[in-house]
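To keep things clear, I will list the structure first and then write my remarks on it.
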Amino acid sequence: MDNLQTQGISLPQLGLGTFRMQGDDCRAAVESALGLGYRHIDTAEMYGNEEAIGAAIADAKVARTDLHVTTKVWHENLAPDAIRRSFDTSLEKLRLDHVDLYLVHWPSRNMKLSAVFETLMRLKQEGRTRAIGVANFTTALLKTVVEDIKAPIACNQIEYHAMLDQTPLRKYLAAKSIPLVAYCPLAQGRFATDETLAKIGSKHDATAAQVALKWLLDQEGVAAIPKASRAESQKANLDALKVRLDDDDRKAIAALRKDMRCVNPGFAPAWD
């Protein structure tokens, strides 16, 4: 599996998303993924599953240096003291002495960007997180963080898949050598019945979902964190790495609709 190099960390290009996984089911899913070879686990304080993930990691026979763990601070906790409290709680639940990547989960209208990133950068300087980044940030917000505050942003995690155009944001990230980490990369299962993707899949002895996932992972600077609770789905996502798309496949995918959102961006204030 390829890794993306960013701000001093090595980010496995394919990870396990854990949104809406809870309790014993979440623990079992993470144990299964680690057993299959996943080394990138994505969580957040809002998911309410850091404790289960921490238990799975503790039981896994995986060297900590080989494992990448991302967690995130919720938009309601972006005051400096609240960030630190959230971080301490996440670390305790995960049973770790550091995380690899700590993200602002969503921007908030009330946040003071300079104070937020000063706090995150201190956590990095203290060695408690190896890198910092953002999720769901617009190009305008990114410009402020990267160009004005000069924070060492390791990624922007956003919704991105074969039926959602993110070209302007992707171009900015690429220009700054910041990876894009795609959540909902399979459009929450909507690709399974798409005729175009299924037709491409039949050509490569693959599923529509595998085609959509490989299309993402073929792009420079893009990682993906599909949620997969069952071992069969986790393995299928790993097997997507073996698919070899050609130019005709990419043209067909480019012609798909590009306005399908799974997550409402209106959840957070509009900043552009």
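Sketch the reach of a paramagnetic label on D81 as a point 7 Å from Cα along Cα-to-Cβ, and name the residues of the range 109-125 whose backbone nitrogen lies under 17 Å away. Of the residues in the range 109-125, 111-112, 115-116, 119-120 have backbone N under 17 Å from the label point off D81.
Once you keep just the Cα pairs under 8 angstrom separated by 6 or more residues, what percentage relative contact order results for the range 1-109?
On the way: 166 pairs, mean separation 27.0, N = 109.
After rounding, I find 25 percent.
Would you work out if the range 161-265 is rounded, prolate or oblate? Take a ≥ b ≥ c from the square roots of the eigenvalues of the alpha-carbon gyration tensor; rounded if a/c is under 1.5, else prolate when a/b is larger than b/c, oblate otherwise. It comes out rounded by the Cα gyration axes.
Cβ screening of the chain for cysteine pairs under 4.7 Å finds these without a partner: C26, C155. With helices defined as uninterrupted DSSP H runs, which ones in the chain have an alpha carbon span along their own long axis of at least 15 Å and mean Kyte-Doolittle hydropathy of at least -0.5? Helices meeting the span and hydropathy rule in the chain are 23-36, 113-125. Residues in the chain average 46 Å² of solvent-accessible surface per residue, probe 1.4 Å, ligands and nucleic acids excluded. If you sort T6, T65 by accessible surface, 1.4 Å probe, largest first, the order is T65, T6. What the Cβ-Cβ distance of Q125 and D239 gives, at R0 = 45 Å and to the nearest 0.05, is a FRET efficiency of 0.65. With all protein chains in place and ligands, DNA and RNA left out, the 1.4 Å accessible area ranks S32, S86, S114 as S114, S32, S86, largest first.
Within the range 56-93, the trypsin sites (Lys or Arg not before Pro) that combine a DSSP coil assignment with at most 16 other C-beta atoms in a 10 angstrom radius are K61. For D259 and A174, a Förster radius of 30 Å and the Cβ-Cβ distance give a FRET efficiency of 0.85, rounded to the nearest 0.05. Rounded to two decimals, the Cα radius of gyration of the range 57-127 over 2.2 N^0.38 Å is 1.17. Pairs of Cα atoms nearer than 8 Å and 6+ residues apart set the relative contact order; for the range 163-224 it is 35 percent.
Structural descriptor for the range 46-186: relative contact order 19 percent, calculated from alpha carbon pairs under 8 angstrom and at least 6 residues apart. Taking the Cα centre of the range 25-159 as origin and assigning +1 to Lys and Arg Cβ atoms and -1 to Asp and Glu Cβ atoms, the resulting dipole is close to 320 debye. Net charge dipole, the chain: roughly 300 debye, given to the nearest 20, about the Cα centre with Cβ charges of +1 for Lys and Arg and -1 for Asp and Glu. Calculated [222 nm] ellipticity per residue, helices only, for the chain: -11000 deg cm²/dmol; basis is -39500 (n - 2.57) per DSSP H run with n ≥ 4, divided by all residues, nearest 500. Rounded to the nearest 0.05, the FRET efficiency derived from the C-beta distance between N110 and D248 at R0 = 51 Å is 0.55. In a reduced charge model with +1 at each Lys and Arg Cβ and -1 at each Asp and Glu Cβ, the range 152-272 shows a dipole moment near 160 debye about its Cα centre. Three principal axis extents of the chain based on alpha-carbon atoms, in descending order, are 53, 44, 30 Å.
Ignoring ligands, DNA and RNA, what percent of the accessible area of the chain is carbon or sulfur (1.4 Å)? With neighbouring chains kept in place, the figure for the chain is 47 percent.
The modelled label-to-label distance between A60 and T196, using points 7 Å beyond Cα along the C-beta direction, is 3.5 nm. Accessible area per residue was computed with a 1.4 Å probe on protein heavy atoms; E45 scores about 50 Å².
Projected onto its three principal axes, the C-alpha set of the range 1-129 covers 41, 31, 22 Å, listed from the longest axis down.
The values are calculated or read from the model by the stated rules, or taken from the named source; none is laboratory data. No experiment lies behind these values; they were computed from the predicted model shown. Cβ atoms come from the backbone with ideal geometry, glycine included; neighbour counts cover every protein chain shown. Surface areas here come from the heavy atoms of the whole protein model, side chains and all, with no ligands, DNA or RNA. Shrake-Rupley method; radii C 1.70, N 1.55, O 1.52, S 1.80 Å.
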